[in-house]
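Below: one structure, written as structure tokens.
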Amino acid sequence: MSGRGEAARTAERIARDSYGRLVAFLAARTRDVAGAEDALGEAFAAALRLWPDDGVPDNPDAWLLTVARRRQTDALRRRQTRAAGEEHIQLMADEIEDAAGTAGDIPDRRLALMFACAHPAIEPGMRAPLILQTILGLTAIDIAAAFLIPPATMGQRLVRAKTRIREAGIPFAVPEKEELPDRLDAVLDAVYAAYGKGWNEIGDAAPELAEEAIWLGRLLASLLPDQPEAKGMLALMLYTEARRPARRDPAGAYVPLESQDIALWDGEMLLQAEQLLREASQGGPSGRYQLEAAIQSAHVARRQTGADTWPAILALYTHLERLTHSPVVTLNRAVALSETDGPEAALTLLDTLEPDKRMESYQPYWAARGHLLARAGRRGEAREALTLALGLATDNAVRHYLQGQITPLTDG
Amino acid sequence: MRFMMLIHHNEAELAAAEQKQLWADYAAFNEALGKAEGAESGIRLEPAGKATTVRTTGDKTDVLDGPYADTKEQFAGYFFIDVPTLEDAVVWAKRCPSSRYGSIEIRPVHVPQAGSWK
């Protein structure tokens, strides 16, 4: 990467860091997220434009606040005659004035803002987009692209969600101890959903979103050092991310885990993941993310050392299934079971999912079922299941892979 | 929500595709669609060159050869799905092989309100 590119990335990171902290600080006092974003929006855009060339200022928070305050004053002058909204603008200006006085040491309220964004009163699908926008300053257009919905629709939904924060009296606070684990789950789920968008999609915006989610994961783990699940989720993302370069062959075709070239894995990132998982398991009972990270750790160990870790993976999935009652986990447990007890045992387990209507259009279910049937020598049924998996695929690399699986089942 | 999925093809691009694989993919897509609750398999239209367009202005009726609009992408067929959200509809559009050779327009089916048509 060029020097300019490197400088731009560093500047962007620092600007995001400051931006999120300032939005959180201002919004926590007024409960007006949109107002805080408006106040800082132009300053943030200016930072992204100027810092890569001029260098990052010594006190980025103070820089952003100074620019925001100037813009605020301009806006105030322009609107002097307009009574409507005047009070609000004055309030925002006061906020910025106050904050500017303490710019050297802005308290970090980002955690509280994330809890507000992932509050039960906010619809689950909007929690991740809200966090991406308020903490990272991503635009509705970028978020919409990753979430595969029209930009205008995403924009409207974000506005509605922010209005809801203000009007539904959603608190800007880190929940009390008893409430924390449940509420934290919602925050972690939102960040992980953002990561999932970046992982599943092959589009241009997607890997970037995965990076943003990991950044948020690091932020959460650092702000909540005593919460093992925060570390567990970060570890899970890093295990997955470390294998990204091996997920496609040079022609872009999908490469399953068992066939990946482990020399392409990011060893440094895997070490970080191991370390986080170790810390997490010393920190208390294992939740969903720790268990999933442990499963990834076992997969990595199997490929790196050749050790048979399938029994451990099966045990972890069994534990996870009890915890989540998720059909997706049952599906994965069936795949692990096929490695320890053979494909027929796994198919018997999969049959228990059959009545679940959600499986009808769930691509991984048909892909797994097809592979297990093929391994069991039930060629006709395998072809049918893999054909459904092909019809439900949205990714070209996966589509090509499945076409390759179906062809030998069709001939002869 | 019930959505009509309107398929628009770039006919040149479609013709250039590897036909055997394309129609195998389409067969797989139709299998999947057939299994989805509330979905209705599609109707494929003959190419836009076979279209006839009728328009009445006042007392005058024009009958013209060819499609309604002479654009690069032409209306080529449709299917219905019944899914909870627009996001789910977008996933179905991505699954449809035609999305790679043109575009899929997603239109919610109008549900008339009691006593009015608007």
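The values are calculated or read from the model by the stated rules, or taken from the named source; none is laboratory data. Values in this document were obtained by computation on a predicted structure and should not be read as measured data. Please note: Cβ atoms are built from the backbone with ideal geometry, for glycine as well, and neighbour counts cover all protein chains shown.
The sole residue among A:Pro171, A:Pro151, A:Pro228 that is touching a residue at least 24 places away in the same chain (Cβ under 8 Å) and exposed (fewer than 15 other Cβ atoms within 10 Å of the Cβ) is A:Pro171.
Taking the criterion of being touching a residue at least 40 places away in the same chain (Cβ under 8 Å), within 12 Å of chain A (Cβ to nearest Cβ) and among the acidic types (Asp, Glu), the only residue of segment B:55-104 that qualifies is B:Asp82. If I filter segment A:244-254 for residues that are in a loop (DSSP other than H, G, I, E, B), outside the structural domain of A:Leu113 (by TED's automatic domain parsing) and aliphatic (A, V, I, L, M), do I get at least one hit? Yes, the conditions are met somewhere in segment A:244-254. Under the condition of being under 21 Å from A:Leu388 (Cβ atoms) and either part of a loop (DSSP other than H, G, I, E, B) or of a type in the set (Lys, Arg) (or both), which residue from segment B:12-57 is nearest to the chain's Cα centre (by Cα)? Only one residue tops the list, namely B:Arg44. Would you be able to say whether some residue in segment A:373-386 is more than 17 Å from A:Arg247 (Cβ to Cβ) and at the interface with another protein chain (Cβ under 9 Å from one of its Cβ atoms)? Yes; the residues of segment A:373-386 include at least one that is more than 17 Å from A:Arg247 (Cβ to Cβ) and at the interface with another protein chain (Cβ under 9 Å from one of its Cβ atoms).
Residues considered: B:Gly42, B:Gly66, B:Gly58. Of these, the only one that is loosely packed, with under 10 Cβ neighbours inside 10 Å and either modelled with pLDDT under 90 or over 27 Å from B:Ile81 (Cα atoms) (or both) is B:Gly58.
Taken as a whole, segment B:32-54 holds at least one residue that is of a type in the set (Ser, Thr, Tyr), more than 25 Å from A:Ala152 (Cα to Cα) and more than 14 Å from every other protein chain (Cβ to nearest Cβ). Exactly one residue out of A:Ala246, A:Ala210 is on the phi < 0 side of the Ramachandran plot, in contact (Cβ under 8 Å) with a residue 24 or more places away in the chain and aliphatic (A, V, I, L, M), and it is A:Ala210. Applying the set (1) closer than 12 Å to A:Ala128 by Cα; (2) modelled with pLDDT of 90 or more to A:Glu212 leaves exactly one unmet item: (2).
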